[in-house]
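Engineer: Quick one: the structure is below, and I'll ask about it shortly.
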Amino acid sequence: MNITATHINYYHVCKRKLWLFSNGINMEHTHDSVYDGKLLHENSYAKRNEKHSQMELQGEFGSLKLYGVVDFFDAKQKVIHETKRSDRLESAHSWQAKFYLWLLEMNDIHNARAILEYPLLRETTQVVLSSEDVLSLEHTVLEIKRIVTSNECPPVINSKICKSCSYYELCYVNEE
């Protein structure tokens, strides 16, 4: 089974979104905020594209294959840069960055750090990986496996973040 950084992010946002995405129900391609995020990523740090590049990472945890694509990696400074549209889901963004750092560790790149960049807010957040974070990530990938292989879709979470989610209409189709 493959687990990606997107799975990690969705796990921390909404288990239902994780299950739907993992079971082939993809709504992101129809959602404006996803398109806006791609434009933001491409245009916010145009000069960086010349110096730093995306980096594909992979690793294994037991029978699970782990994958991630880092927005930008500065190999000299060992810094991952992740560009995000908003800090509303900062915890999920942080865990996604920690997942990348874990994958770097699996590939013998040690003592790296990550920076979450919010260009619209003109803010950044530093992220590092602790040994406790690794234990939490190990638990998380096992939980992701359990959730996505379940025959039952998790329930709607009824959160204020739901209204901006690309799965909103699907989740609330029968609600009034």
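Engineer: Based on the alpha carbons, how large is the Rg to Rh ratio for the range 59-124 when Rh follows Kirkwood?
Structural biologist: Working: Rg = 12.5 Å, Rh = 12.5 Å.
Looking at the range 59-124, the ratio lands at 1.00.
Engineer: Could you tell me which of the pairs 84/145; 76/98; 65/163; 78/163; 84/160 are separated by over 29 angstrom between their Cα atoms in the structure shown?
Structural biologist: Beyond 29 Å: 65/163; 78/163.
Engineer: Shifting gears a bit: Got a sec? How would 82, 56 order by Cβ neighbour count within 10 Å, fewest to most?
Structural biologist: Values: 82 22, 56 10.
Starting with the residue having the fewest Cβ neighbours, the order is 56, 82.
Engineer: With θ taken as phi - 60° and the coefficients 6.51, -1.76 and 1.60, list the Karplus ³J(HN,Hα) couplings across the range 150-166 in order, rounded to whole Hz; mark glycine and proline as x.
Structural biologist: Along the range 150-166, the couplings run 5, 7, 9, 6, x, x, 4, 8, 6, 10, 5, 6, 4, 5, 9, 8, 5 Hz.
Engineer: If amide H atoms are built 1.01 Å from N in the plane of the peptide, which residues on other chains or at least 5 residues away come under 5 Å of the amide H of residue 72?
Structural biologist: Excluding prolines and chain starts, which carry no amide H, the hits are 81.
Engineer: All other residues with a Cβ under 14 Å from the Cβ of residue 106 taken together, and with Lys, Arg as +1 and Asp, Glu as -1, what is their net charge? Don't skip to the answer; put the middle values down first.
Structural biologist: Working: positive: 65, 98; negative: 56, 60, 105, 108, 133, 138.
Residues near residue 106 contribute -4 overall.
Engineer: Most exposed first by the Cβ proxy, i.e. fewest other Cβ within 10 Å, how do 61, 99 rank?
Structural biologist: Ordered by Cβ neighbours within 10 Å, fewest first: 61, 99.
A short reminder: the numbers here are calculations on the coordinates, not readings from a lab. Because the structure is a prediction, the values reported are computed rather than measured. Neighbour counts are summed over all protein chains in view; Cβ atoms, including those assigned to glycine, are modelled from backbone coordinates with ideal geometry.
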